[in-house]
Amino acid sequence: MSGDFWSSIAAAHRVEDDEDTRGIFEPDPLESEPESDEDDYADGVFSPQFVASTGVQDYLRSCKELGIVPVQQFVAMLERDVVSLKHRGVGPVGGRAIFECLRLNRHIRSLDLEDNQLGLNVDADNGGLEPMCRAIRDNAVLTSLDLSYNNLAARGCAAIASAFEANSAISELSLRGNNIGDGGARALAAAVRKAGVLTKLDLSDNGITEHGGAALGELIGGTGPLEQVDISWNALRVAGALAVAEGLRTSSSLVRLNLAWNGVGERGAEAVGAALKENAALQFLDVSSNRIGEQGAAGLADGLRENQSLRSLQLNGNPVGDTGVMIIIEAVGVNCAVRDLGLQDCQTVKGGAGLFDPLNPTGTYTLNLAHEYDRSIFTKLKARSQPPMPPPSPPMLTPPPS
């Protein structure tokens, strides 16, 4: 790198004593973050306050040693509490410089590094992710970290999990789309349980099967503060769903659970329904696109009848049919606080407008009594149309003879 380039980095922040204006970075058309407003520069570069609290010198020094161009907007945002660098193509080498800076930064509380290929062709077994892990261990300010879609894989996740055990500040972590598999899921679940500080975890789209599902079930059922878990778009299948349901049964902290697109099937849905009977904390549940039919809908309905905490249930994309939809609607009306019910694309014949609501049987219904579902509706409508039986008359009392 030429000296002129590094001088331009400093010039972008400098405030001259005899000037009222200062240089700023040219805006990046792909990003919209505001530029830095701070006074900078000590000994001709950054101010002592900026240097002491941001790690900027370590960042620029690392970039120079690694032969890469600094992300200028990252420098401009080093004193902000929320920083987004997603989709910037930082790469594993650029990530090393960023994490060296993060070790010392005392401002950034939320960092989004989604889709930056940080783990691409990195040998995690031989310390390839050590700068990232060191930053996770050493930083005591960061509370939210998004590492989604960074090719970290199972070994990378295991390295991060080991570092996470020593961190007592990060409460929100996203590793979505990193292909961590069962090995990564097991390592991370163990680390999260040991650290005991995480409240929000996103492990969606990671190729986790029933083996990793067992570890996630233990995590959900633990005594930690975990409130939100997204494990959608995996392959938990029935066995994994059974483990997650067992954890849900005993969880007292979880309020949001996304299980969509996991192929849990009828038995998995029945297990989740059984867990709802005992769970008193969950407020949002998504089991969309899980091959749940009428049998699974009936199992979920059994749980809904006894659950008082759930506010939103998403069953979209499951082949529950008209009968399954009717069973769910009836259960929601019996003894449930659900206010948001997703039943789109459930292979219903009637469609939403033609479904019979037993709690509000108004409107027009066209019934084909050759179908069992329509016959059941007819029976309910007929029962409601019958006038109530009058109370029995009191027995006539015959006065005793005088």
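The values are calculated or read from the model by the stated rules, or taken from the named source; none is laboratory data. Please read all numbers here as calculations on a predicted model, not as lab measurements. Counting neighbours? That spans all protein chains shown, and the Cβs are built from the backbone with ideal geometry, glycine included. Just so you know, the surface numbers come from the protein's heavy atoms only, side chains and all, with ligands and any DNA or RNA stripped out. Shrake-Rupley method; radii C 1.70, N 1.55, O 1.52, S 1.80 Å.
Which order do the peptides 280-286, 317-323 come out in when sorted by mean C-beta neighbours inside 10 angstrom, highest first? It would help to have the intermediate numbers written out before the result.
On the way: 280-286: 18.0, 317-323: 21.0.
Highest-to-lowest ranking by the protection proxy: 317-323, 280-286.
For the stretch 112-253, report the accessible area per residue in Å² (1.4 Å probe, heavy atoms, rounded to an integer). List each step's numbers first, then the result.
Numbers: 5300 Å² over 142 residues.
Ligands and nucleic acids excluded, the figure is 37 Å² per residue.
Once you have the Cα-Cα distance between D81 and Q49, take 0.36 nm times their residue separation minus that, and quote the gain in nm to one decimal. List each step's numbers first, then the result.
On the way: separation 32, 0.36 × 32 = 11.52 nm, distance 1.60 nm.
Full extension of this stretch gives 9.9 nm more.
Among D182, D302, the sequence by solvent-accessible area, most first, with a 1.4 Å probe is D302, D182. Counted by Cβ distance under 11 Å from R134, the other residues give a net charge of 0, where Lys and Arg count +1 and Asp and Glu count -1.
Using C-alpha pairs below 8 Å separated by at least 6 residues, the relative contact order for the stretch 182-340 is 17 percent. A straight chain from H107 to Q344 at 0.36 nm per residue would run longer than the Cα-Cα distance by 80.9 nm. 3J(HN,Hα) couplings calculated from phi for the stretch 283-290 with the Karplus curve 6.51 cos²θ - 1.76 cosθ + 1.60 (θ = phi - 60°) are, in sequence order, 10, 10, 9, 10, 10, 5, 6, 10 Hz; Gly and Pro show x. When the square roots of the Cα gyration tensor eigenvalues are ordered a ≥ b ≥ c, the ratio a/c for the stretch 129-227 is 1.5 or more and a/b does not exceed b/c, which makes its shape oblate. The spacing between the stretch 284-299 and the stretch 314-343, judged by their C-alpha centroids, is 9 Å. Overall, the accessible surface of the stretch 160-307 at a probe of 1.4 angstrom is composed of carbon and sulfur to the extent of 45 percent.
Using a/c under 1.5 as the rounded threshold, could you call the stretch 182-324 rounded, prolate or oblate? The axes a ≥ b ≥ c are square roots of the C-alpha gyration tensor eigenvalues, and prolate needs a/b larger than b/c, oblate otherwise. Each step should come with its number before you reach the end.
Details: a/c = 2.04, a/b = 1.38, b/c = 1.48.
It is oblate, given that a/c is not under 1.5 and a/b is not larger than b/c.
Count charges around L257 for me, please; just the other residues with Cβ under 9 Å from its Cβ, Lys/Arg as +1, Asp/Glu as -1. If you can, show how the numbers build up before the last one.
On the way: positive: R256; negative: D230, D286.
Taking every Cβ under 9 Å from that of L257, the sum is -1.
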